[in-house]
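Notes follow once the structure below has been shown.
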Amino acid sequence: MTVDRLLPTSDGAELVKLVREIAQAELAPRAARAEEAGEFPREAFRLLGRTGVLSMPYPEQWGGLDQPYEVYLQALEEIAGAWMTVGVGVSVHVMSCHALVHSGSSEQQERFLPDMLGGDLLGGYALSEAAAGSDIASMTTRATPAGDGYLLDGAKAWISHASQADYYTTFVRTADGRRDMASCFLVPADAPGLTFGAPERKMGMTASTTGSVYLDRVEIGADRRIGPAGSGLRIALEALDSGRLGIAACATGLAQAALDCAVDYARERQQFGRAVADFQGMQFLLAEMAAAVDTARAAYLMAARKRDAGRPFGRDAAVAKLTASDAAMRVTTDAVQVLGGYGYTRDFPAERYMREAKVTQIFEGTNQIQRLVIARQLLGSRSNSDQTDSSPLGASRRNPY
Ligand SMILES: Cc1cc2nc3c(=O)[nH]c(=O)nc-3n(C[C@H](O)[C@H](O)[C@H](O)COP(=O)(O)OP(=O)(O)OC[C@H]3O[C@@H](n4cnc5c(N)ncnc54)[C@H](O)[C@@H]3O)c2cc1C
């Protein structure tokens with residue numbers, strides 16, 4: 001089903017239409033088999049890289065398409081609707097470039113960005129650790145000054161594209177305590193001392209490799225540190241605000257795909273001598289699913305428009321991520337219900353959509369953390385009274401996520 005979209009320009013509308021055609025022709029037909037086999041879709045990223053999709057929101061000067069977030073996110077929604085692993089992968093790649101685009105020196109930008117945005121390279125974003133998930137300021141992976149650069153030691157966990165990416169935008173501790181304690185480094189995948197754990201065995205998105213990244217005395221030149229020493233958490237969180245919009249768009253695309261699947265099935269399936277779509281009980285369920293999808297889309301577009309207008313959008317991004325991921329969970333679960341017993345089998349995509357939806361409530365800040373972000377924006381420092389007070393981020397962003 002084609003979504004009736006509003007786009008700010010005719011160029012934007014053409015672009016989203018083109019991405020939809022590519023996604024439906026090249027991605028959707030491959031998704032189920034690759035997910036079953038757990039095959040990482042490196043070719044799909046190359047294809048999207050060649051068409052400019054991997055660098056859509058970034059400046060033309062470095063090879064991007066210079067599109068507003070309002071356009072990029074709607075294109076991303078189309079990709080995720082065709083194949084969630086690829087949609088989330090595009091969002092992760094875009095987030096991996098954010099630090100350099102927004103906080104890199106002009107020398108670093110000229111040196112690294114054309115390759116990162118050119119479409120051939122794929123990035124990863126390495127923030128989480130096994131014991132530092134929601135509480136990222138408790139990270140222990142460390143960079144120690146050595147010669148002209150640093151030695152990196154420790155382990156990052158849950159990293160999307162681990163062992164598949166060409167570089168990792170990596171956040172490590174450079175000072176003790178919880179304030180100004182992290183720095184951001186651009187770590188090439190072939191750096192000596194960098195190794196990877198076995199991929200996690202996940203509930204869904206099984207074609208997307210998620211794993212640990214081990215750093216054992218990895219030598220990194222100071223010219224690969226992005227932003228001043230100590231600015232790492234600020235850089236990480238700015239990227240996450242935008243990244244959450246990507247996850248919200250992916251969750252919306254997944255929910256739309258589940259709705260389309262349910263509507264098609266309900267029209268075809270006959271019980272009691274007529275299509276199950278003729279029963280009002282079924283119509284109400286489908287109508288509620290549609291309302292949830294539309295609300296999710298409206299939430300991420302509101303945040304995107306604020307971002308495009310240069311306005312603060314952190315709270316809106318948290319609302320969008322919370323709203324869209326909860327909508328995805330509910331709509332995909334209802335889609336399984338609409339399909340009845342067939343919904344519970346792997347003959348239809350509904351059960352895969354449901355498994356894929358769950359993680360959108362967990363990564364890039366769990367939905368509990370999104371509620372904290374929203375509450376803190378509403379209440380300011382008052383809401384922090386019951387929380388640990390040593391965050392590096394000040395009262396308004398006391399919890400790192
Ligand atoms: C498939 C997948 C891909 C991922 N990709 C990446 C990636 O590319 N890069 C990366 O850096 N990370 C990645 N992550 C990690 C992800 O961001 C973390 O899993 C997430 O932030 C939660 O951290 P945690 O798993 O350690 O949970 P925990 O922080 O241990 O949380 C456990 C539970 O406690 C709750 N909780 C924690 N603190 C609070 C609080 N203050 N108030 C209320 N409830 C709270 C949480 O909501 C959760 O329900 C990925 C994770 C998954 C599953």
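Just so it is clear, none of the values below were taken in a lab; they were calculated from the coordinates. Note that the structure is predicted; figures quoted are calculated from it, not measured. Glycine gets a Cβ as well: all are built from the backbone with ideal geometry, and neighbour counts include every protein chain shown.
The calculated P(r) of the stretch 70-221, using every Cα pair and 10 Å bins from 0, goes 11, 38, 37, 13, 1 in percent.
Per-residue Karplus couplings for the stretch 70-78, computed as 6.51 cos²θ - 1.76 cosθ + 1.60 with θ equal to phi - 60°, are listed in order as 4, 7, 3, 5, 6, 5, 4, 4, 5 Hz, Gly and Pro entered as x. Using the Cα gyration tensor of the stretch 202-249, with a ≥ b ≥ c the square roots of its eigenvalues, what is the shape: rounded (a/c below 1.5), prolate (a/b larger than b/c) or oblate (neither)? Oblate, because a/c is 1.5 or more while a/b does not exceed b/c.
For the stretch 169-275, the square roots of the Cα gyration tensor eigenvalues, ordered a ≥ b ≥ c, give a/c of at least 1.5 with a/b greater than b/c, which places it in the prolate category. The base-10 log of I(q)/I(0) for the stretch 15-56, evaluated at q = 0.18, 0.26, 0.30 Å⁻¹, reads -0.53, -0.94, -1.08 [Debye formula, identical scatterers on Cα atoms, solvent excluded].
A helix-only calculation puts the chain at -16000 deg cm²/dmol for mean residue ellipticity at 222 nm, using -39500 (n - 2.57) for each DSSP H run of at least four residues, averaged over all residues. Taking amide H as placed 1.01 Å from N in the peptide plane, the amide H of Trp158 sits under 5 Å from that of Gly211, Ser212, each at least 5 places away or on another chain. Computed over Cα pairs, the Kirkwood radius of the stretch 275-345 leads via Stokes-Einstein (1.306 mPa s, 10 °C) to a diffusion coefficient of 117 µm² per second.
3J(HN,Hα) couplings calculated from phi for the stretch 252-260 with the Karplus curve 6.51 cos²θ - 1.76 cosθ + 1.60 (θ = phi - 60°) are, in sequence order, 5, x, 5, 5, 4, 4, 5, 5, 4 Hz; Gly and Pro show x.
Note on the chain: Cα convex hull, mean projected area over all directions, 19.4 nm². Relative contact order of the stretch 1-157, taken over Cα pairs closer than 8 Å and 6 or more residues apart, is 20 percent.
Please return the longest range in the chain lying between exposed loop sites, taking GluC sites (Glu not before Pro), DSSP loop only, at most 16 other beta-carbon atoms within 10 Å, and leaving the sites out. Answer - 201-401.
The alpha carbons of the stretch 104-187 occupy a box of 37, 29, 20 Å along the principal axes, longest dimension given first. Where a ≥ b ≥ c are the square roots of the eigenvalues of the C-alpha gyration tensor, would you call the stretch 1-95 rounded, which needs a/c under 1.5, or, failing that, prolate if a/b is larger than b/c, or oblate? Oblate, because a/c is 1.5 or more while a/b does not exceed b/c.
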